[in-house]
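Structure record follows, encoded as structure tokens.
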Amino acid sequence: MSHAIEPVQSLSEAWLRTLQYTAAQKNGRAVHVVATVTQPGVEIDGVRTTIDAFLNEHGCQSVETVAETIFPASLYTPPPFDWAPGIAKDKEAELDEAATRLYDAYLDILPLVVSVHANRRGTYFGRMITYPGREVGGVNQLDARVRRLRSEANAGRRTNNTLDMDLAADALDDSFLPGLQEYSENDNRTRGFPCLTHIDFTLHEGRLHALAVYRHQYLVEKAYGNLVGLSSLMSFLSQQTGCELGELAMHATFADAQRSTFASRDIAELAASASLQVGR
Amino acid sequence: MTWEATDASLWRSNSQSHRTHLTSVSEYLTICVMNYDAPSVPAPPPLPSGPIPQLDGGRLRRCTEAELGNELNALVRGALPAVGLNELAADGSPRIASLVAVWMITQVAKAVGQPRLVSLSQVKAEELRSIAGVARLAYNALRAGPAQAAAAS
């Protein structure tokens, strides 16, 4: 049965409440769980440290490593200003240069990254900037959305619901830009990458909102990093297009508290420790 | 309850147009929270001016492991100024994100003309957590030579 977690300001609370809800369901699993962060990027002090300690203890990737699969913030040097309609050409060029350096830096490392067996199908950010993601020279979906959102702003349009159409094949059509497509239409695999299948954007009254759809959300290992990465992605788009940062929703069509990977007691202790931080 | 901002919100806070948003109360129902104090956030580092620094392949081959670490440190500071190198890893060198480590390995590989200098699938995660770890990895790969590097990939 579907369940919407009450919208909260921080991604830390969104993660915690989603984990607590799902862990309380039969077998620690639930369908159609939606979490909403009203201020993407904001975290509660100490929660990430708690999760990282847990992940490190269990030999899992850190929050930062997971986050950078969605948006490699380490490779982006943001200029200290936003794009705006009528911005000076040199300022616009500076923003473009920062984005290009990000894309180039990632494309530089992509061959090495996909040489790892786990990444053989590509990476999330790779799919965003060179779809279908394994090789340089694919479609840069992210840049196309920057151009479209700037175009909307230049035209004085502050609401655009065509950005939120969710049709796989249209992801590659330059004339029509739905959400970022992460799932290839000829991909018939039932497990593994990509768990994040689609990122949907809606521009409403000048604010850019996002919805990420996960076909399988691993709430202990991945969800917190996913929220951080999606927040960074939104921030990048927001800076590059001058849109205000809207809300971030994460829809796990299948939410998994990972009882088959971690002991229930350990999951409960992790949630309790994080809860203490949130409650401070 | 206290707040910390991720890199994402730090970028936003430096934008005049978003300060109001980040310091305002959400229109949605939330628990009682203290908002993040945007104006106190320091400005981000400036964009690197001019071309991205390049490594000299010939010099890298002659470097000691420590010298290689210095080269990598300078490279990151020049090309990726947003990467903070203030936090130290267990080995005493600057802690880095694994993605930055992969980027550094790629730059060394390009500089010496050996795209498969390092086989990432054979690298331990700990080696990708610090500049010294990457320097050690690159130093050993350079000493191993192209044939061994290709065989390992």
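The values are calculated or read from the model by the stated rules, or taken from the named source; none is laboratory data. As the structure is a computational prediction, the values presented were derived from the model and not from experiment. For neighbour counting, all protein chains shown are included, and Cβ atoms are generated from backbone atoms with ideal geometry for every residue, glycine included.
Below is a table of values for the structure above.
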item	result
Strands (runs of 3 or more DSSP E) contained in region A:196-262 and holding at least 2 residues within 14 Å of chain B (Cβ to nearest Cβ) and buried (at least 21 other Cβ atoms within 10 Å of the Cβ)	A:207-214, A:244-256
Among (1) modelled with pLDDT under 95; (2) facing chain A (nearest Cβ under 8 Å) - the single one B:Trp103 does not satisfy	(1)
Enumeration of residues in region A:92-113 that are buried (at least 17 other Cβ atoms within 10 Å of the Cβ), of a type outside the set (A, V, I, L, M, F, W, C) and more than 10 Å from every other protein chain (Cβ to nearest Cβ)	A:Tyr103
Test: residue in region B:77-85 that is away from every other protein chain (no Cβ under 14 Å) and either touching a residue at least 40 places away in the same chain (Cβ under 8 Å) or farther than 14 Å from A:Leu112 by Cβ (or both)	no
Residue match in region A:107-121 (condition: β-branched (Val, Ile, Thr) and in contact with a Phe, Trp or Tyr (Cβ under 7 Å, 6 or more places away or on another chain))	yes
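Yes/no per residue for (1) surrounded by 23 or more Cβ atoms within 10 Å (Cβ to Cβ); (2) more than 10 Å from chain B (Cβ to nearest Cβ):
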site: A:His58; (1), (2): no, yes
site: A:Gln61; (1), (2): no, no
site: A:Glu64; (1), (2): no, no
site: A:Ala67; (1), (2): yes, no
site: A:Ile70; (1), (2): yes, yes
site: A:Pro79; (1), (2): no, no
site: A:Ala84; (1), (2): no, no
site: A:Ala88; (1), (2): no, yes
